[in-house]
There are 2 protein chains.
Amino acid sequence: MLRFLLPLTLLAGLARAASPSLMPLPVKMDAAAGKFAIDQNFKVSSAGCSDARVAAAVARFLSRLSRQTGIPGWNRGAEGAGVSLTLVCAAGETPSPTLEEDESYRLAIDPAHALLEAGRMAGILHGLETFLQLIQPGPEGFQIPAVHIQDRPRFPWRGLMLDVSRHWMPVEVVERNLDAMAAVKLNVFHWHLSDDQGFRAESKLFPRLQQLGSDGNFFTQEEIRRVVAYARDRGIRVVPEFDIPGHTTSWFPGYPELASAPGPYEIGRHFGVFDAAMDPSREATYTFLDAFIGEMAQLFPDPYFHIGGDEVNGKQWNQSVRVQEFAHEHGLEGTLAIQTYFNQRIQKILLKHGKIMIGWDEVLGPDLPAGTVIQSWRGQKSLADAARQGYRGILSSGYYLDHLKPARYHYGVDPQGGPAADLDPAQASRILGGEACMWSELIDAETVDSRIWPRAAAIAERLWSPREVTDAEDMYARLEVASRLLEWTGVEHRAVHGPMLDRLAGNHPAEALRVLADACEALGLGNGRRGGNYTTQTPLNRMVDALPPESESVRATERAAARILASRPPGPLDVAQLRQQFGRWAANDERFQPVAAENALLAELRPLSKDLALLGAAGLRVLGYLESGQAAPEDWIAGQTRECARIERPTAEVSLAAVRPVKLLLEELARRSRKPGNR
Amino acid sequence: MLRFLLPLTLLAGLARAASPSLMPLPVKMDAAAGKFAIDQNFKVSSAGCSDARVAAAVARFLSRLSRQTGIPGWNRGAEGAGVSLTLVCAAGETPSPTLEEDESYRLAIDPAHALLEAGRMAGILHGLETFLQLIQPGPEGFQIPAVHIQDRPRFPWRGLMLDVSRHWMPVEVVERNLDAMAAVKLNVFHWHLSDDQGFRAESKLFPRLQQLGSDGNFFTQEEIRRVVAYARDRGIRVVPEFDIPGHTTSWFPGYPELASAPGPYEIGRHFGVFDAAMDPSREATYTFLDAFIGEMAQLFPDPYFHIGGDEVNGKQWNQSVRVQEFAHEHGLEGTLAIQTYFNQRIQKILLKHGKIMIGWDEVLGPDLPAGTVIQSWRGQKSLADAARQGYRGILSSGYYLDHLKPARYHYGVDPQGGPAADLDPAQASRILGGEACMWSELIDAETVDSRIWPRAAAIAERLWSPREVTDAEDMYARLEVASRLLEWTGVEHRAVHGPMLDRLAGNHPAEALRVLADACEALGLGNGRRGGNYTTQTPLNRMVDALPPESESVRATERAAARILASRPPGPLDVAQLRQQFGRWAANDERFQPVAAENALLAELRPLSKDLALLGAAGLRVLGYLESGQAAPEDWIAGQTRECARIERPTAEVSLAAVRPVKLLLEELARRSRKPGNR
């Protein structure tokens, strides 16, 4: 443990100041006098740190520093005289990060020197990321305002789940997302390796799993080892998930004898809950899984092993005479009882291979062994129930990134909130944290970064920072900075939009499309977009795929609109900004329509573009009324209000976010117009 | 050779139509009826092509097609029934591309089927790139308008030289640029591997070359082989350059005995012409080079081997008693004579190792062996002189990308133009083509793509397409499309700007900086930017580095301005576009200044931003006069004209390109105002 105590106080005023902008916010941050310059003389000393991973971490840190500042020359490292940042590590490290890791660190940045101190490598890694986030251009070049930080996480399990089954994600995608995870202090990579639509891990014992279950897209054991090592170097645990006994269609083309109904089977191409489930009545199923889990246990050093266990609809079991006879013999009534039996068998197999079971809510049946961890996609109530029964749990309900909800929504979900708020301390401590979930039905390797980032950073802050850190406006201000910084880790969440819009526009310049795109937000699965309309082969190349789920541009417009409503007379810069934005929207349709003509991919956007023009024109007129202080005709307001309500409904799986600032202004105009003479 | 004849006729009307947009333009293109659909059923058959590289090329083609359209599922290839594109290859291939290669192809795209036919793999590769360029979104999805193309290059040597010495460029940079080269049918990668600032190739015979001459940044022999194979697969020859006897400072830290003056030596950190030169008077120099060239000859299969030979200032030779005595003994008068002696010795060594010498203008001395190829950085006159003497040559003068001149400038330079225009056919045929040169004094791995592309595509067209293809406006229209398509090859020339601007803006949103950036253009070496102000360690992270050399946005504004002047009354869409653009410029400074406050990197841009606001305001007023048909006061016009002249002068190594459209309108307003009553 660290020698100093970490008081859980948040210096809210300082922490929320525009600078420095950190995400996640640290536990304690005190401004000091002066600034620390980052120039070509900058050096790092890690002489006291024996772990070879520290040297590798410093090399990565210097390379990121070069990219982030554009200053070359650190990449060969530098030791000895003129040290600028000293790392102080405690001796001794476990070979892999663990759930019980001490992740705390202390970072003291003074004008002449910076010190990063931690008891374990995890703290050093986190402190280096904090250091990178503190750098900004100043009057003499890149610098850090002097600051003393003490920091440690609120929850020990802060994860990102990535579904590589529904759509294939190659190693590069995984690796760059591990770098981005480390940048926001996430520490568990939950690798959803099998599902109905693809079996993505190489088995040497049962090679037909990947040969017939993956369309050739799977991770070799060599690649898996590489990813695990890559994660370990970044302080990230890797928890594999092989979802059983349901979500197993892709196992069965190669091994139909595992299924509860005769085959042949094909890899799933559609999405939803499938009937296929493993046969719990055959001893051969457990023999197979024993060997398979034993093989996988060798690849994944982390003690936690995820068996999925969600969404078994029971159809195959109900229709199988054999399974029903077996259930009857064993006194198992109904699907849940059969699954509990199955889980108990699996639990014993895991135990034999030194693994602790983790599964989705549904595994919480009677007689579940004590060590099991529940991952809840249903909500805090599941976790609270489990915690009261002595089970540990992590929250994922509220953290489903594929729904494409705003960061604000995820940020408001607390693993110990809602139904879990009244647990006693011992029970509450069983809630280990949470995981952002990136299911990939409607997301592929091209778009996945833009669906994870930057929103996962808001979830990372929820899981790391003190519970009291809840100001969403402040979060957004820092999230935009974090989003830009994340680019230097290699994730392409910002870079991908331009080329995808260019592709949609074909030989035309994409400028008019970009104006429309900036006014729109993508809708997610179950949230305006239906998985049932898609297969794994459906091109994800439409506007909805190219758009981020939240528009920074609309958010800026909303902020300006809110400022205008808060001050009378409205600030001229804000009015000018809105007028320009509304003017651009109003004028854009005339330019967009020729681009969309004869273009199958843009046809669905033509009504949206017309609506944007309407919004722009309405916004200009509302602004005029507000500026002049005159009341607007009631019927005009009523008509515009109806238009806004209509426009708020999604089109082409896209929401015209531009409606929000216009509606905001219109509502205020309506209020003011009802009180004549009010100025 | 192909069975059909390729008439050198350009169907100018068709070829210049907005669609299809090809770069380089083919020799002959005939529109046909209907269109060819690109969907998930698309298949390629290359059954008749025995060369394994064709299968690899098809796999790459399908992967690019997937990226370019966002349609998945081709990456596993497909043969047999339902073939859409059939490749017809002649049998037999050389293992590597050659200068004498038949690169012609015929591509016939009809609604039901496409046929690509070529005598050699080079033609197949070129045809596949043409096919990719033809795809665009249509009313039912991605499609190609039916078209029959016959094509072949004008020149056999169409190169890109990349300097990896002044700034290090890792393998990924080289590889993605090879992909982009192939996309525009460039066929020679000239790899400038050594210079004063770095020795970048691993020698096993003389390991101190890279150990002491590269700061650790060099290509291993394994990497060199990989790059050569990568290029070969894309139909690209690799010509290595080891620049001798000058530009050799980086050889000397490891082997000072090669130099004409005693050491010790250090790697060059500044730029310019250095004094250090190899000692032509010692036999040991030739023994060393014989062994070294022998080693390198094994790595590079192409028969051409570049020995540089440029810019020997003679100082070390003049100051060396030994060299002077040697010169006297051999009757060598002056630096040029000594260098000619040196070249003759090197030429014999090259011959021994099966290589043909190529060098810069300066190697053209008396008694130069007949096979030598001259690469001219001086101009067509050198080439013409050489051609008259029987030497072959390639042009690089006029193709220096690091000067950051507009594409229009490079496009106007013809290897057989100017002083080379009056050669007889035999002499003219000795001009083999040209090479775009990417010197890297002020360019690093981050910015290099944006300095090469898209302008190198205009040079590629000059070297491929018929001589008569010279319409710069048409070129620009196609270049913008080509620039966007090039992104799918992996080059980051467009993607890099956003993150670099974000970096400059620090924690602020970069929007105001982006408006300023879109109005500016970067100046290049010797063209507003002086290499003498820089070293290899100077950060290249300023606005000038983040900007492209040409602003697409200003070009669009110029086009709108030109249209306004051409029609009375001016078109309302054009007027609206200009008014919006000018309004944005006029309003931007108020938003930019807070971003630039306390920011050392942006301080130099503050006057530029003020000037942009002036231009915006002036533009709005000029537009008002032009629209109303009223004359403007003479003194106001005079004042604005002076302001434009002042603003045209570069600031911060950047040119405020926005001045161009304003000046254009102002000049017309001045003309009209001198004729009162003119409307």
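Values in this text are rule-based calculations from the coordinates and carry no lab data. Small disclaimer: the values here were computed from a predicted structure and weren't measured. Cβ placement follows ideal geometry from the backbone for every residue including glycine, while neighbour counts extend to all protein chains displayed.
For chain A, the relative contact order comes to 11 percent (Cα pairs under 8 Å, sequence separation of at least 6). Computed over chain B, the alpha-carbon pair-distance distribution with 10 angstrom bins reads 3, 14, 22, 23, 19, 12, 5, 1, 0, each value a whole percent. Counting, for every residue in A:533-543, the Cβ atoms of other protein chains within 10 Å of its Cβ and taking the mean gives 3. The spacing between segment A:56-73 and segment B:259-312, judged by their C-alpha centroids, is 33 Å. Extending 7 Å from the Cα toward the beta-carbon at both residue B:580 and residue A:345 defines two label points whose distance is 6.5 nm. Under a 5 Å amide H cut-off, with hydrogens placed 1.01 Å from N, residue A:203 pairs with A:210 among residues at least 5 apart or on other chains. What's the percent breakdown of Cα-Cα distances in segment B:347-390 across 5 Å bins, shortest bin first? Taking all Cα pairs of segment B:347-390, the binned fractions are 5, 23, 34, 20, 12, 5, 1 percent. For segment A:513-569, the list of trypsin sites (Lys or Arg not before Pro) that fall in a loop by DSSP and count at most 15 other C-beta atoms within 10 angstrom reads A:530.
Here the Karplus curve 6.51 cos²θ - 1.76 cosθ + 1.60, taken at θ = phi - 60°, turns the phi angles of segment B:227-236 into couplings of 5, 4, 5, 4, 5, 4, 4, 9, x, 10 Hz, with x standing for Gly and Pro. Listed by chain and number, the aspartates and glutamates placed with their C-alpha closer than 14 angstrom to that of residue A:381 are A:361, A:362, A:414, A:422; residues fewer than eight positions away on the same chain are left out.
Overall form of segment B:303-395: prolate. Here a/c, set by the Cα gyration tensor axes a ≥ b ≥ c, is 1.5 or more, and a/b is the larger of a/b and b/c. Per residue of chain B, the DSSP helices (runs of n ≥ 4 H) give a summed -39500 (n - 2.57) that works out to -13000 deg cm²/dmol at 222 nm. Left without a cysteine partner by the 4.7 Å Cβ rule in the protein assembly as shown: A:437, A:520, A:644, B:437, B:520, B:644.
In order along segment B:120-129, the Karplus-derived 3J(HN,Hα) couplings, from 6.51 cos²θ - 1.76 cosθ + 1.60 at θ = phi - 60°, round to 9, 4, 3, x, 4, 4, 4, x, 5, 5 Hz, and Gly and Pro are given as x.
Averaging the Cα positions of each part gives two centres, and for segment A:199-226 and segment B:434-458 these lie 41 Å apart.
If I model segment B:12-151 as equal point scatterers sitting on the Cα atoms and use the Debye formula, what is log10 I(q)/I(0) at q = 0.12, 0.20 Å⁻¹? Debye curve over Cα of segment B:12-151, log10 I(q)/I(0) at q = 0.12, 0.20 Å⁻¹: -0.45, -1.28. Highest mean first, the peptides A:174-180, A:322-328, B:275-281 sorted by other C-beta atoms within 10 Å per residue fall in the order B:275-281, A:174-180, A:322-328. Highest mean first, the peptides B:220-232, B:493-505 sorted by other C-beta atoms within 10 Å per residue fall in the order B:493-505, B:220-232.
As a length-normalised measure over Cα pairs under 8 Å and 6 or more apart, the relative contact order of segment B:444-521 settles at 36 percent. Over segment B:497-674, all Cα pairs binned in 10 Å intervals from 0 give whole-percent P(r) values of 10, 37, 32, 16, 5, 0, listed from short to long.
Cross-link partners of residue A:185 among lysines, defined as those whose alpha carbon lies under 19 angstrom from its own and excluding same-chain residues fewer than eight positions apart: A:28.
Restricting things to Cα coordinates, could you compute the convex hull volume per residue of segment A:273-344 in Å³? Let's see the in-between values first.
On the way: hull volume 6.8 nm³, N = 72.
Taking only Cα atoms, segment A:273-344 has a hull volume of 95 Å³ per residue.
Scalar couplings 3J(HN,Hα) for segment A:629-636, obtained by applying the Karplus form with A = 6.51, B = -1.76, C = 1.60 to θ = phi - 60°, are x, 7, 6, 9, x, 4, 5, 5 Hz; x denotes Gly and Pro.
Among B:286-298, B:626-638, the peptide with the highest mean count of other Cβ atoms within 10 Å heads the list, and the full ranking is B:286-298, B:626-638. Relative contact order of segment B:497-674, taken over Cα pairs closer than 8 Å and 6 or more residues apart, is 29 percent. Take each residue of peptide B:589-598, count the partner chain Cβ atoms within 10 Å of its Cβ, and average: the result is 2. Amide H contacts under 5 Å for residue A:431: A:393, restricted to partners 5 or more places along the chain or on a different chain, H placed in the peptide plane at 1.01 Å from N. Treating each Cα of the protein assembly as shown as an identical point scatterer and summing with the Debye formula, the log10 of I(q)/I(0) at q = 0.06, 0.07 Å⁻¹ comes to -0.61, -0.84.
Distance cut-off 23 Å, Cα to Cα: go down the list A:315/A:355; A:405/A:610; A:204/A:355 and report the pairs above it.
Working: A:315/A:355 30 Å; A:405/A:610 25 Å; A:204/A:355 20 Å.
Table pairs above 23 Å Cα-Cα are A:315/A:355; A:405/A:610.
Stokes-Einstein, applied to the Kirkwood radius of segment A:157-485 over Cα pairs at a viscosity of 1.567 mPa s and 4 °C, places its translational diffusion at 64 µm² s⁻¹. Straight-line cross-link reach from residue A:35 at under 22 Å between alpha-carbon atoms covers these lysines, not counting any fewer than eight positions away in the same chain: A:43. The residues packed around residue A:98, meaning those with a beta-carbon under 12 Å from its beta-carbon, carry a net charge of -3 if Lys and Arg are +1 and Asp and Glu are -1. Quick check: the distance between the Cα centres of segment B:612-679 and segment B:357-392, to the nearest angstrom? What the calculation gives is 48 Å, centre to centre. Near the amide H of residue A:28, within less than 5 Å, lie the amide hydrogens of A:150, all on another chain or at least 5 residues away, with H placed in the peptide plane. For the residues of A:494-503, the average number of beta carbons from a partner chain within 10 Å of their own beta carbon is 5.
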